[in-house]
Amino acid sequence: MLTLTIVMMNSGTVLDIMVKPEQRIRDVLEVLAENGQIRYQSGKETISARSWRLGSFVNSFLTFKQAKIQTEDIIYIEVMGI
């Protein structure tokens, strides 16, 4: 399991979460939205994800492992309307 911090740039929401390395970044965000923890409407909005540790943007369709996200990384998420 990875322990990460998710920062939603649009709302300022900060969440500490645990995820499996094999989970897709986008899927985790969709679950958080379904549970009312973040504001994000899949299909109506796009997201950009940036890793604090890597200092670069990551593809949200990748798994955390594929994106080289590691424990204690901070993922900055910006939600943009289509």
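Descriptive notes on the structure:
- F61 being out of contact with any strand residue (DSSP E or B) (no Cβ under 6 Å at 6 or more places or on another chain) and open to solvent by 50 Å² or more (accessible area, probe 1.4 Å): yes
- In the stretch 1-47, residue modelled with the lowest pLDDT [restricted to those that are surrounded by 13 or more Cβ atoms within 10 Å (Cβ to Cβ) and polar (S, T, N, Q)]: S42
- L54 vs. criteria assigned to a loop (DSSP other than H, G, I, E, B) and either within 16 Å of T3 (Cβ to Cβ) or not hydroxyl-bearing (S, T, Y) (or both): yes
- Out of T3, T13, T46, sole residue that is polar (S, T, N, Q) and within 14 Å of F64 (Cβ to Cβ): T3
- Scanning the stretch 21-45 for residues that are touching a residue at least 24 places away in the same chain (Cβ under 8 Å) and either more than 11 Å from the chain's Cα centre (by Cα) or part of a loop (DSSP other than H, G, I, E, B) (or both) turns up P21, E22, Q23, Q37, I38, R39, Y40, K44, E45.
The values are calculated or read from the model by the stated rules, or taken from the named source; none is laboratory data. Given the structure is predicted, the values throughout are model-derived calculations rather than measurements. A quick note on method: Cβ atoms are made from the backbone with ideal geometry, for glycine too, and the neighbour counts reach across all protein chains shown. Quick note on the areas: whole protein, heavy atoms, side chains included, nothing else; ligands and nucleic acids left out. Shrake-Rupley method; radii C 1.70, N 1.55, O 1.52, S 1.80 Å.
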